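Colleague: One structure coming up, written as structure tokens, with questions to follow.
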Amino acid sequence: MKNQRLPYWLTLGVAIVFLFMHAPLMVLVLFSFNDSKFSMEWKGFTTKWYERLAERQDILDGLYSSLTVGLASTVIATVLGTLMALALARHEFRGRRAMEALLYVPIVTPEIVVGISLLILFMAAHFPLGLGSITVAHVAFNISFVAVVVHARLQGMDRNLEEAAMILGADEITAFFRVTVPQLWPGILSGAMLAFTMSFDDYVITSFVAGTDAATLPMVVYTMVKKNIEPSVNAISTVVLIATTILIFVADRAGREKPLTAEKAPVE
Amino acid sequence: MAEAPHAGPVVEFKNVSKTFGTYKACIDISLRIERGEFFSLLGPSGCGKTTTLRLIAGFEEPDVNGGEIRIDGEFVNKKRPYERQLGMVFQNYALFPHLSVERNIAFGLEMRATPKTEVPGRVERAMKMVRLDPGLFARRKPAQLSGGQRQRVALARALVLEPRILLLDEPLGALDLKLRKEMQLELKHLNKELGMTFVFVTHDQEEALTMSDRIAVMSNSRIAQLGTPAEIYECPRTPFVARFIGESNFFEGRCRGRTAAGWQVDGEGSTFEIPHHPSLTDGAAVRIAVRPEWLDVFRPDAVPAGENALPGTVREVIYLGETLHVLVRVGEREVAVAVRNEGQLTRPLTFKAGDPVAVAWMRDDCQVLEADA
């Protein structure tokens, strides 16, 4: 693409958007290194809040719970959501259109309604509240997100590709994994990332179904903030931020193809 | 490829029907495709030609009791596409976008567990066969190729497996005219050189005529006519075929008694003679097709003796370079007469709109038509 100079008014627009998006995060990162208990003024550089993290068992437990719930609910929701999307996009069956419309209901339902309804359901079913119930709740609201994202990707995909694979000798299963999945991979991946993010930062639904003992990271942070603000909150948030960035970068790199013959020089 | 080739036709359809819900996409299709033949399925969109191709490929299964499909003599109604050892080039090429050119071509070899050491060599040979420079294109992704190059990759991907039959679903549709002509010649050449059977789907009658050994013209889910390009052009069996392949003028009338070599017909406000045809009896209604180039145009008093002639009035003379089209109003009909441009001698230029003329043709230069199915 040609390197064009942006007109000044667009440069201004981009700068403002960038500022809005990232200034809060910059402030967060900055103050996680602030040598002051009261986060509002700069008192010099320190890493002690990161050292403090190791001592805060509640934060570590919350992080552990969030990661467990996030990973488990992401894997389950991604598999189920992908199957749902495949059924909707690739097969014609009774009630398909209704199903497709119903997919959006969980996305637009206010979280508080979802939270209450799940709580009532768990109580009625005598399902013990804790990490298990939180995971089930997260799967419930994440399936829709994954299915919608993967479905969109499937609709943009050429159906002849699977047929081309089959005429070349691939059976249905092989064609699915060698051709459909690689095509779908960006969709599945972004669906999964979306699901993990939704799960990791959900507070409202989680607090309804968590019961008395379980606490995810957002719940721990919220409790800390209500009691007294300590910059270790900034520190843990920064850690999470950096971890997420690395995760996205790695996921992007992993999707690249290996060439057929290694010895030849690449051409372009 | 070690098995001795079956002696009969490569593909055989016996009364094959295919229904989608309530829509009959193929009705009672019977055909035999011979080894090494360039066989075209020609017809307008929705005529069933693509469904017929997909039945050969195995993407569709005939109806229950919907006839029999054999490939190399083997009954294949229930065989999956990957059990059929065929090659196919899709209309939109269907290259795998996530794989490079070489990996696209190697896909089928990998599926058939070709020894790893053989793969690069065979991929390279296939690329050269379709005139793609391996050094330049092997590592590119389909998105980095032009339409013509994608077409060649799709062809190489199918040919590298040395399939028994190559199926082509309107593969030239997306190319511009010049490239299209080039690929037509190349496909024809590959067909003869490899001795491979090609089954080609197209809606372009000119393409089908120039490329095919034989053509099945399809209309309304049935085969309207099957034959060589010359047979189909010279002797269209139904009005549909006469109209779809080339241009035709139609004349109608009623048989009024035998002549030495055919029938006398009353029609078009006059009488004319037609050759014999098994479907004709005395008094039967008859419809004939006459190609514009089989007709000639004369002054009313100058028609050569023994030719059929219908009086009319010149409406327009259209100059097409190589030929001239003289449009003549005969009764209610507009008749097109194609006259070769013979330079200084070209006579039609002496005709102009409003001139009284006669369109004339020899008795045997017409085709007696049956009703459309």
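Colleague: Over the Cα atoms of chain B, each weighted equally, I'd like the Debye log10 I(q)/I(0) at q = 0.09, 0.15 Å⁻¹, rounded to two decimals.
Modeller: Summing over Cα pairs of chain B leads to -0.65, -1.22.
Colleague: How big is D for region A:50-166, in µm² s⁻¹ as a whole number, if Stokes-Einstein is applied with the Kirkwood radius of its Cα pairs at 20 °C and 1.002 mPa s?
Modeller: Working: Rh = 16.7 Å.
Estimated via Stokes-Einstein, D reaches 128 µm²/s.
Colleague: For region B:23-126, max minus min Cα coordinate along each principal axis, in Å, sorted largest first?
Modeller: 46, 30, 26
Colleague: Keeping all protein chains in place and using 1.4 angstrom, which order do B:Leu53, B:Leu185 fall into by accessible surface area, from largest down?
Modeller: On the way: B:Leu53 0, B:Leu185 125 Å².
Correct descending sequence by accessible area is B:Leu185, B:Leu53.
Colleague: Moving on to the next point. Can you list the lysines whose alpha carbon is less than 26 Å from that of B:Lys18, not counting same-chain residues fewer than 8 positions off?
Modeller: Hits, sequence-local ones excluded: B:Lys49, B:Lys78, B:Lys79.
Colleague: Let me ask you something else. Considering every residue in A:45-53, what mean count of other chain Cβ atoms within 10 Å of its Cβ is obtained? List each step's numbers first, then the result.
Modeller: On the way: counts 0, 0, 0, 0, 0, 0, 0, 0, 0.
For this peptide, the per-residue mean of nearby foreign Cβ atoms is 0.
Colleague: Region B:227-287: D in µm²/s via Stokes-Einstein (Kirkwood Rh, Cα pairs, 37 °C, 0.692 mPa s)? Each step should come with its number before you reach the end.
Modeller: Working: Rh = 12.6 Å.
Once the numbers are plugged in, D ends up at 262 µm²/s.
Colleague: Rg and Dmax in Å for region B:244-373, alpha carbons only: what are they?
Modeller: Gyration radius and largest Cα-Cα distance of region B:244-373: 15.0, 46 Å.
Colleague: Please pull out the direction-averaged projected area of region A:198-253, using the convex hull of its alpha-carbon atoms, in nm² to one decimal place.
Modeller: Working: hull surface 18.4 nm².
Averaged projected area of region A:198-253's Cα convex hull equals 4.6 nm².
Colleague: Which three semi-axes in whole Å describe the equivalent ellipsoid of region B:157-265, each the square root of 5 times a Cα gyration tensor eigenvalue, listed largest first?
Modeller: Details: eigenvalues 256, 44, 31 Å².
Semi-axes (√(5λ), whole Å): 36, 15, 12.
Colleague: For region B:196-202, take each phi angle, set θ = phi - 60°, evaluate the Karplus expression 6.51 cos²θ - 1.76 cosθ + 1.60, and give the result in whole Hz per residue in order, putting x for glycine and proline.
Modeller: 8, 6, 10, 10, 10, 9, 8
Colleague: Same structure again: Greater than 30 Å separation of Cα atoms is the criterion. Which listed pairs, B:Lys24/B:Lys192; A:Lys43/A:Lys227; B:Lys141/B:Lys188, meet it? Spell out each step's value before the answer.
Modeller: On the way: B:Lys24/B:Lys192 35 Å; A:Lys43/A:Lys227 23 Å; B:Lys141/B:Lys188 28 Å.
The answer is B:Lys24/B:Lys192.
Colleague: Continuing with the same structure: Looking at chain B, send over the antiparallel percent of its DSSP beta bridges, to the nearest 5. Working shown, then result.
Modeller: Values: 58 of 75 bridges.
Of the beta bridges lying entirely in chain B, close to 75 percent run antiparallel.
Colleague: Per the Kirkwood definition applied to all pairs of different Cα atoms, how many angstroms is the hydrodynamic radius of chain A?
Modeller: Values: mean 1/r = 0.0455 Å⁻¹.
After inverting the mean inverse Cα-Cα distance, the result is 22.0 Å.
Colleague: Also: Kindly sort A:Lys48, B:Lys18 by accessible area of their heavy atoms, largest first, with the probe set to 1.4 Å. Could the numbers behind the result be given before it?
Modeller: Values: A:Lys48 80, B:Lys18 25 Å².
Per-residue accessible area, sorted high to low, gives A:Lys48, B:Lys18.
Colleague: Enumerate by residue number the chymotrypsin sites (Phe, Trp or Tyr not before Pro) in region A:33-90 meeting two conditions: DSSP loop (anything except H, G, I, E, B), and at most 16 other Cβ atoms within 10 Å of the site's Cβ.
Modeller: On the way: sites: A:Phe33, A:Phe38, A:Trp42, A:Phe45, A:Trp49, A:Tyr50, A:Tyr64; in loops: A:Phe33, A:Phe38, A:Trp42.
Passing sites in region A:33-90 are A:Phe38, A:Trp42.
Colleague: Also, quick follow-up: What 222 nm value per residue comes from the helices of chain B, counting each DSSP H run with n ≥ 4 as -39,500 (n - 2.57) and dividing by all residues, nearest 500 deg cm²/dmol? Walk me through the intermediate numbers first.
Modeller: Details: 9 runs with 85 residues, N = 373.
So the helix-based figure for chain B works out to -6500 deg cm²/dmol.
Colleague: In vacuo Debye scattering of region A:104-247, one point per C-alpha: log10 I(q)/I(0) at q = 0.12, 0.20, 0.21 Å⁻¹?
Modeller: -0.67, -1.17, -1.22
Colleague: For region A:51-140, which GluC sites (Glu not before Pro) are in a loop by DSSP, counting at most 10 other Cβ atoms within 10 Å? Mind dumping the intermediate values first?
Modeller: Numbers: sites: A:Glu51, A:Glu55, A:Glu92, A:Glu100, A:Glu111; in loops: A:Glu92.
Those satisfying the criteria are A:Glu92.
Colleague: So which trypsin sites (Lys or Arg not before Pro) in region B:95-159 pass both tests, a DSSP loop state and at most 13 other Cβ atoms within 10 Å of the Cβ?
Modeller: Working: sites: B:Arg103, B:Arg112, B:Lys116, B:Arg122, B:Arg125, B:Lys128, B:Arg131, B:Arg139, B:Arg140, B:Arg150, B:Arg152, B:Arg157; in loops: B:Arg112, B:Lys116, B:Arg131, B:Arg139, B:Arg140.
Counting only loop positions with at most 13 other Cβ atoms within 10 Å, the trypsin sites (Lys or Arg not before Pro) in region B:95-159 are B:Arg112, B:Lys116, B:Arg131.
Colleague: Taking one equal scatterer on every alpha-carbon of the protein assembly as shown, how large is log10 of I(q)/I(0) by Debye at q = 0.09, 0.12 1/Å?
Modeller: -0.94, -1.23
Colleague: I would also like to ask the following. For a quick size check, give me the Cα extents of region B:92-214 along its three principal axes, largest first, whole Å.
Modeller: 43, 30, 20
Colleague: Going from most exposed to least, what order do A:Met219, B:Met129 have by accessible area with a 1.4 Å probe? Present the calculation step by step, with values, prior to reporting the outcome.
Modeller: On the way: A:Met219 30, B:Met129 75 Å².
The most accessible residue leads, giving B:Met129, A:Met219.
Colleague: If you take each beta carbon of peptide A:167-180 and count the beta carbons of other chains within 10 angstrom, what is the mean? Please list the in-between numbers first.
Modeller: On the way: counts 19, 19, 14, 7, 5, 3, 0, 3, 3, 0, 0, 6, 6, 0.
Per residue, the number of nearby Cβ atoms from other chains is 6 on average.
Colleague: What Kirkwood radius, in Å to one decimal, follows from the Cα pairs of region B:206-310?
Modeller: Details: mean 1/r = 0.0648 Å⁻¹.
Taking every pair of different Cα atoms in region B:206-310, averaging 1/r and inverting gives 15.4 Å.
Colleague: Rounded to the nearest 5, what % of DSSP beta bridges with both residues in region B:111-230 are antiparallel? Let's see the in-between values first.
Modeller: Values: 5 of 10 bridges.
That works out to approximately 50 percent antiparallel.
The values are calculated or read from the model by the stated rules, or taken from the named source; none is laboratory data. Here the structure is a predicted model, which is why all the values come from computation and not from measurement. Quick reminder, even Gly has a Cβ in these numbers, built from the backbone with ideal geometry, and neighbours come from all protein chains shown. Accessible surface is based on the protein model in full, side chains and every heavy atom, while ligands, DNA and RNA are left aside. Shrake-Rupley method; radii C 1.70, N 1.55, O 1.52, S 1.80 Å.
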